[in-house]
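Okay, here's the structure, questions in a sec.
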Amino acid sequence: MNIFRTDQIRQLDAQTVDFEHITSIQLMNRAASALFHRIEKMLKPTDKIIVMVGPGNNGGDALAVSRYLLEAGFSVKTVLCQPDPKVSRDTLEQLINLQQTDGAEIFTLDNPIMLDDFDGNWNYLIDGIFGTGLNRPMVGYFSKVVHWINKQSAYTISIDLPSGLQGEDNRGTLVPNVVHADLTLGLQFPRLAFLLPENEVCVGKWELIDIGIRQEVIDKMLALYAYTTLEDMKPVLKVRSLHANKGTFGKVLLVAGSPEMTGAAILSIRGALRSGAGLVYLRIPSAAIPVIQSAVPEALVQSSQKPMGDLSGFAAIAIGPGIGLHPAQMTYLKDIIKLKPAFLVLDADALNLIAAHTDLMVELPPNAILTPHPKEFDRLAGIPSSNSYERLLKAIDFAKKHHVYIVLKGAHTACITPQGQCSFNSTGNPGMATGGSGDVLTGIIVSLLAQGYLPGDACRLGVYLHGLSGDIALGSQSYESLVAGDLVENLGLAFKQLEP
């Protein structure tokens with residue numbers, strides 16, 4: 001599913017109007033009808049609703065929703081928040097339509113202080129002040145209205161975007177001046193802002209409302225961002241031949257773990273094996289080998305005290321989980337990078353070693369996959385980012401500059417290609433914020449590489465399966481009780497959901 005910029009969404013709306021030979025207000029009514037049907041499912045006949053309306057087309061959507069709610073018999077008060085009498089053409093037409101609807105109660109808010117006299121006993125508040133039309137931080141009159149909204153106990157639903165939030169870049173946004181929605185109903189497409197953690201307090205939960213933007217015009221619009229769904233991933237999964245053998249599915253080398261951190265190695269190995277790799281080798285200090293052989297008998301273990309030897313027989317290599325920052329590990333890392341393997345995954349301590357020896361960045365083999373969490377990425381890219389949008393831009397630049405893939409881990413893990421395209425993941429949950437989850441992901445991704453998946457597909461599919469296994473685990477666990485081992489145990493069910 002594509003994620004378009006705000007300006008592109010306006011183009012798609014206009015192109016749909018042209019393609020279907022309809023008017024813009026007909027498209028607005030279609031959107032408002034879809035919004036109404038979603039909101040109606042939440043309501044009881046006795047609920048009281050207040051609708052806050054702005055001067056632009058977001059306000060037009062809200063006016064039409066008010067009309068549909070009134071016609072369905074709900075108690076609705078509509079507040080016009082427009083100190084400037086100038087409103088968009090379609091919004092004016094929607095206002096006239098609402099004024100002609102029986103039972104319409106419309107209040108023009110000349111001064112925000114007048115809100116203090118309102119009853120306030122609302123069950124639902126619908127925010128239709130500003131959507132994607134806002135292009136600067138909200139101040140003055142509208143910020144005062146937003147402050148009043150955020151004090152209300154009503155369940156708040158924002159149309160398209162919480163008023164005051166930009167669709168993409170919110171580095172200059174003042175969070176207190178943004179509506180704090182309980183639910184945001186996005187129109188047709190996710191907004192980039194939905195997926196960034198600093199906006200969660202404003203966006204709340206979010207859902208998409210299909211307003212019928214034509215697929216023909218969507219297909220012609222280039223999107224640099226995407227949101228990975230089940231429908232996207234099903235065609236990516238390879239079908240296995242009945243005549244395959246263990247050699248068919250690749251030979252993986254993991255350089256992971258240490259005597260103090262055998263758990264990271266075990267989780268990575270299990271992730272790789274449960275994801276279908278034919279053979280998984282592990283290099284680890286001799287002292288840890290008995291633990292590994294006991295915990296994962298399917299793994300083939302090599303002592304890291306012995307020479308590395310020829311690595312050309314390995315279809316994919318991963319290094320980093322739990323290896324520590326000892327000089328010997330730095331030697332392994334340098335040796336592997338110098339070999340320029342076709343498929344290489346760098347995680348955890350491997351990334352920290354690279355961050356401490358930045359000369360290695362220019363030596364990274366093309367198409368290597370780096371899987372940092374935000375702090376690890378900040379160490380790599382310099383100057384820590386307090387804003388995740390800024391970090392995302394830096395990650396895109398890093399991937400392009402070094403010709404690598406970045407898997408920037410988080411609630412909606414971002415997979416970034418060397419061309420700068422970015423896909424956000426739709427699976428996963430807060431229970432996965434636990435030690436070892438990233439080790440499992442490393443095993444999954446390197447396993448998929450060994451099986452012949454291209455790096456971009458291995459990243460997106462690996463991240464999707466990783467999150468999906470966490471979601472499946474919640475069937476028998478809670479956020480609090482979920483551990484990394486649960487992800488491994490549910491990988492099989494995750495794969496099954498993608499099978500034809």
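The values are calculated or read from the model by the stated rules, or taken from the named source; none is laboratory data. Keep in mind the model is a prediction, meaning the values are calculated, not measured. In this analysis, Cβ positions are derived from the backbone assuming ideal geometry, glycine residues included, and neighbour counts consider all displayed protein chains.
Does residue 330 fit the bill of being surrounded by fewer than 16 Cβ atoms within 10 Å (Cβ to Cβ), of a type in the set (A, V, I, L, M), without any contact (Cβ under 8 Å) to a residue 40 or more places away in the chain and in contact with a helix residue (DSSP H, G or I) (Cβ under 9 Å, 6 or more places away or on another chain)?
No: the conditions fail for residue 330.
So, one more: Determine, yes or no, whether residue 207 is of a type outside the set (S, T, N, Q), loosely packed, with under 13 Cβ neighbours inside 10 Å, assigned by TED's automatic domain parsing to the domain that holds residue 160 and within 14 Å of the chain's Cα centre (by Cα). Reasoning before the result, please.
Numbers: of a type outside the set (S, T, N, Q): yes; loosely packed, with under 13 Cβ neighbours inside 10 Å: yes; assigned by TED's automatic domain parsing to the domain that holds residue 160: yes; within 14 Å of the chain's Cα centre (by Cα): yes.
Spelling it out, residue 207 is indeed of a type outside the set (S, T, N, Q), loosely packed, with under 13 Cβ neighbours inside 10 Å, assigned by TED's automatic domain parsing to the domain that holds residue 160 and within 14 Å of the chain's Cα centre (by Cα).
Where in region 401-500 are there strands (runs of 3 or more DSSP E), lying fully within it, with 3 or more residues that are closer than 14 Å to residue 371 by Cβ? Outline the logic, then answer.
Values: elements: 405-408, 414-416, 422-425.
It comes to 405-408, 414-416.
Identify all residues within region 162-178 that are touching a residue at least 40 places away in the same chain (Cβ under 8 Å) and either assigned to a loop (DSSP other than H, G, I, E, B) or within 23 Å of the chain's Cα centre (by Cα) (or both); write none if there are none. Quick ask: steps written out before the conclusion?
Narrowing region 162-178 to residues touching a residue at least 40 places away in the same chain (Cβ under 8 Å): 162-163, 166-171, 177-178.
Selection gives 162, 163, 166, 167, 168, 169, 170, 171, 178.
If you scan region 126-142, which residues turn out to be within 27 Å of residue 69 (Cα to Cα) and among the polar types (S, T, N, Q)? So that I can check it myself, show each step before the final result.
Filtering region 126-142 for residues within 27 Å of residue 69 (Cα to Cα) gives 126-134, 142.
132, the sole residue that qualifies.
In the set 82, 99, which member is over 20 Å from residue 119 (Cα atoms) and touching a Pro at 6+ places or on another chain (Cβ under 6 Å)?
Working: 99 fails: touching a Pro at 6+ places or on another chain (Cβ under 6 Å).
Of the residues listed, the single one that is over 20 Å from residue 119 (Cα atoms) and touching a Pro at 6+ places or on another chain (Cβ under 6 Å) is 82.
Give region 292-328 a look and list any residue that's under 33 Å from the mean Cα position of the chain (by Cα) and in a helix (DSSP H, G or I), or say none.
Correct list: empty.
Scanning region 1-34 for residues that are at pLDDT 95 or above and among the hydroxyl-bearing types (Ser, Thr, Tyr), which turns out nearest to residue 224 (Cα to Cα)?
In this case the residue turns out to be 16.
Confirm whether residue 438 is small (Gly, Ala, Ser), surrounded by 22 or more Cβ atoms within 10 Å (Cβ to Cβ) and on the phi > 0 side of the Ramachandran plot. Don't jump to the end; show me each part of the working.
On the way: small (Gly, Ala, Ser): yes; surrounded by 22 or more Cβ atoms within 10 Å (Cβ to Cβ): yes; on the phi > 0 side of the Ramachandran plot: no.
Judged against the criteria, residue 438 is not a match.
Still on this structure: Any idea which of (1) part of a loop (DSSP other than H, G, I, E, B); (2) within 28 Å of residue 498 (Cα to Cα); (3) not assigned by TED's automatic domain parsing to the domain that holds residue 451 is the one residue 242 doesn't satisfy?
Here residue 242 clears every test but (3).
What are the pairs with Cβ atoms under 6 angstrom where one residue, in region 421-440, is farther than 15 Å from residue 494 by Cα and the other, located anywhere, is of a type in the set (Val, Ile, Thr)? Sequence gap at least six, or different chains.
Here the result reads 422/416; 423/228; 434/483, each pair linking region 421-440 to a residue that is of a type in the set (Val, Ile, Thr).
Hey, another quick one. (1) in a helix (DSSP H, G or I); (2) more than 17 Å from residue 442 (Cβ to Cβ): which one isn't true of residue 384, the others all being true?
Of (1) in a helix (DSSP H, G or I); (2) more than 17 Å from residue 442 (Cβ to Cβ), only one is false for residue 384: (1).
So for region 227-234 (the condition being assigned to a helix (DSSP H, G or I) and in contact with a Lys or Arg (Cβ under 8 Å, 6 or more places away or on another chain)), does at least one residue qualify? Quick ask: steps written out before the conclusion?
To start, the set of residues in region 227-234 that are assigned to a helix (DSSP H, G or I) comprises 230-234.
With in contact with a Lys or Arg (Cβ under 8 Å, 6 or more places away or on another chain) added as a condition, the list becomes 232-233.
The answer is yes, given that some residue of region 227-234 is assigned to a helix (DSSP H, G or I) and in contact with a Lys or Arg (Cβ under 8 Å, 6 or more places away or on another chain).
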